[in-house]
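Heads up, the thing below is written out as C-alpha cells.
The values are calculated or read from the model by the stated rules, or taken from the named source; none is laboratory data. Nothing here was measured: the structure is a model prediction, and the numbers come from that model. Using ideal geometry, Cβ is built from the backbone for each residue, glycine included, and neighbour counts are taken over all protein chains shown.
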Amino acid sequence: MNFTEFEPVFTISIVAAHVHLHPQTIRTYERAGLIEPHRTDSNIRLYSGQDIVRLIQIKTWIDDLGLNLAGVEIMTKLSDRVTELEDRVNQLTMELVRRRAAADQRSLPDPDPDPAPDPDPDRGYPGRDDRTAMV
C-alpha cells in the first residue's frame, strides 16, 4: 500500500516514536498552532509525512537553535513563505521556458526558402522604371 506525503495515516504514538517527542509535546505544538493534524470522525489525530517533516524541523529549531515556541512560530511562517516563493519562481521559470520555446518556434526560418519563380524574369519588378529594372 502506497501513501503520499500529504495523506494523514500516522497516529500520534507512531509519530512520537519516530520523531523522538512525547505525545504531549506534539499536542502542545498543536495547541500553539505549529502543526494541524487531521482528525477522524472519532476525533483521533492522524499525521501525514509532511507533518512529520514539520515536527522534525520544529524539534531541530528548539534543540539546535534554542528557539522557544514564539521563535518557532516565526520560523514556521518564514519557512512557509520561502516555500511559496520558491513555488512561484518555479511557475514563472516554466512560463518563461514555454514562452521562449513559442518565440523560437515563431522565429524559425521559412521551411521553403526558395521563392516561386518569376514567370517573366526579363520584365523587372512592377512599378519600377527601366533604370531600376533588373537585367
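Scanning region 1-21 for residues that are part of a loop (DSSP other than H, G, I, E, B), within 20 Å of Thr76 (Cβ to Cβ) and not aliphatic (A, V, I, L, M) returns Glu5, Phe6, Pro8, His20. Take Gln24 and tell me if it is part of a helix (DSSP H, G or I) and within 27 Å of the chain's Cα centre (by Cα). No.
For (1) at pLDDT 95 or above; (2) hydrophobic (A, V, I, L, M, F, W, C), each residue gets a yes or a no:
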| site | (1), (2) |
| --- | --- |
| Val9 | no, yes |
| Leu78 | yes, yes |
| Val82 | yes, yes |
| Asn90 | yes, no |
| Leu96 | yes, yes |
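Of the residues making up region 39-71, just one is surrounded by fewer than 16 Cβ atoms within 10 Å (Cβ to Cβ), at pLDDT 95 or above, not small (Gly, Ala, Ser) and not in a helix (DSSP H, G or I), namely Asn68. The residues of region 24-37 that are surrounded by 15 or more Cβ atoms within 10 Å (Cβ to Cβ) and over 16 Å from Glu73 (Cα atoms) amount to a single one, Pro37.
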